[in-house]
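The values are calculated or read from the model by the stated rules, or taken from the named source; none is laboratory data. Please read all numbers here as calculations on a predicted model, not as lab measurements. Quick reminder, even Gly has a Cβ in these numbers, built from the backbone with ideal geometry, and neighbours come from all protein chains shown. Please note that ligands, DNA and RNA were not included when accessible areas were found on the heavy atoms of the full protein model with its side chains. Shrake-Rupley method; radii C 1.70, N 1.55, O 1.52, S 1.80 Å.
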Amino acid sequence: MQKLIIAGRPNTGKSTLFNALTGTRDALVHDRPGVTRDTIVGNMRDRMWEIVDTAGLENAKSGIAADSTNVAMDAIAGADAILFVVDGRVGLMPADMDWARAVRRKTRAPVMLVANKSESGRRMADLSDFYKLGFGAPVQISAEHKIGFDAIYEFVDKISPNESKKNDAKTNTTQKLKIAIMGQPNVGKSTLVNQVLGQKRQIVIDKPGVTRDTVKIPTNFYGRDIVLMDTAGLRRKAGVTDDVETLSALKSLDAIEKSDVVILVVDATRNIENQALGIAARVYDAGKILCVALNKWDLVAPELRDEKLLKLKHQFTNSFHQIIKPLILAISAEMGSGVKNMFRRIYEQWDISNTDAPTSLINRIVEKLVADRQPPMSRLKRPMKIKFARQTGRHPMKITINVGGASDIPESYTRYLRRGLANALKWEHLPIIVEYKKDENPFDDK
């Protein structure tokens, strides 16, 4: 699939254009310049093109702005086509000239000059100035109002006429495993992503809050096609006063619903805070597979490792009834140790979660559990009769048990059944729901 790069200086509307062309809200949009820091990747609607939203190009020698610009220029170097976005309202800026020259030096890919925010002719600057950029006539569009996109489609269709329109037979329908990387700020999420990719794809600085967007990156790691979702760090609500950080946090939490597996990265050199447990609770409540990556394990003194790991497992086991045995693995994202093993374990759990347990096996397990420990009597002193059990769902794994007699089954007995089923079916690391279905007596109304 060919790559269409959206580039330009900050605050010209690149992320709004990305969202409009992909039909998503994946790129964080805000009036403040410099919100986008990493490259965001998506697929163009109705075209076989991959679209890349880049950070605003800035003339900075160091810091986040410099790193963002370097990542953006690397994306431009690998482009098959470029949309160079300028602000049609404010007119030509010196920075537009500087970065147009930089783009021409970096690539020979065809460039379309896009004058965004052109929905009102009365508020437009002199568009003739934009000819100085050397990209030809500016195409007037409004990314916010989705005006002028026909010219963009014609541009990409001329470059690859054989692949322009999506063909259902060519579309890859294979479901890739979506893995969200989550955690508090500065615990090593982006470092882990870079380690998996084998390149500095995400900006890593020893400063919290660098990642703002949820960045989706398709890749192949350890023999499997996956989509990594690098998310912004989540802080306690009391510590969030910036509206951009609020939007970033909402996108991070939304990534839970859109993922199949969540890797919760925690800092092994610090105590586990309630914030991390809160993220885990959201993951379990959403029925997703959770892997806790105990990062920076190489910095923990060897004599403290067993105690720290045991304490963490107790914290998770005692905090969540949805899980029998939390999947907690020690890694070093920077050094790469333990990363392949972690993904191997994740793949194993994902494969298990996509299977259906035989109904006969489930009933044998339930019968044995009931024989070993009889259900308690109801408040009305009626015995509960378990009649039939079957698997009725995945992600989370769901077991429905048909019961007669008592219907007010205490949670303690449900936990007993859940634990027994998980151990017997090798579902210890998966979220499990046990629900009951009351068998109706046809003579009750007679």
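Numerical summary
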quantity: Test set (1) exposed (fewer than 12 other Cβ atoms within 10 Å of the Cβ); (2) at pLDDT below 90; (3) assigned to a helix (DSSP H, G or I) - Leu380 fails condition number; calculated: (3)
quantity: Number of positions in region 41-83 that are open to solvent by less than 20 Å² (accessible area, probe 1.4 Å), among the small types (Gly, Ala, Ser), within 17 Å of Lys106 (Cβ to Cβ) and outside any helix (DSSP H, G or I); calculated: 4
quantity: Number of the exception - Phe388 against (1) over 30 Å from Gly223 (Cα atoms); (2) open to solvent by 30 Å² or more (accessible area, probe 1.4 Å); (3) in a helix (DSSP H, G or I); (4) not charged (D, E, K, R); calculated: (3)
quantity: Among the residues listed as Ile289, Ile263, Ile279, Ile272, the single one being touching a Cys at 6+ places or on another chain (Cβ under 6 Å) and not hydroxyl-bearing (Ser, Thr, Tyr); calculated: Ile263
quantity: Yes/no for Val215 being over 21 Å from Ala330 (Cα atoms) and either aliphatic (A, V, I, L, M) or modelled with pLDDT of 85 or more (or both); calculated: yes
quantity: Residue check for Phe316: part of a helix (DSSP H, G or I), under 23 Å from Ile272 (Cβ atoms) and in contact with a helix residue (DSSP H, G or I) (Cβ under 7 Å, 6 or more places away or on another chain); calculated: yes
quantity: Lone unmet requirement of (1) closer than 28 Å to Val262 by Cα; (2) touching a residue at least 12 places away in the same chain (Cβ under 8 Å) for Pro358; calculated: (2)
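Quick grid of which residues meet (1) surrounded by fewer than 17 Cβ atoms within 10 Å (Cβ to Cβ); (2) in contact with a Phe, Trp or Tyr (Cβ under 7 Å, 6 or more places away or on another chain); (3) β-branched (Val, Ile, Thr):
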position	(1), (2), (3)
Leu304	yes, no, no
Leu310	yes, no, no
Ser319	yes, no, no
Ile323	no, yes, yes
Leu329	no, no, no
Ser332	no, yes, no
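Conditions (1) within 24 Å of Pro396 (Cβ to Cβ); (2) modelled with pLDDT under 85; (3) not in a helix (DSSP H, G or I), marked per residue:
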{"position": "Ala238", "(1), (2), (3)": "no, yes, no"}
{"position": "Ser248", "(1), (2), (3)": "no, yes, no"}
{"position": "Asp254", "(1), (2), (3)": "yes, yes, no"}
{"position": "Val265", "(1), (2), (3)": "yes, no, yes"}
{"position": "Ile279", "(1), (2), (3)": "yes, no, no"}
{"position": "Asp298", "(1), (2), (3)": "no, no, no"}
{"position": "Lys325", "(1), (2), (3)": "yes, no, yes"}
{"position": "Leu329", "(1), (2), (3)": "yes, no, yes"}
{"position": "Glu348", "(1), (2), (3)": "yes, no, no"}
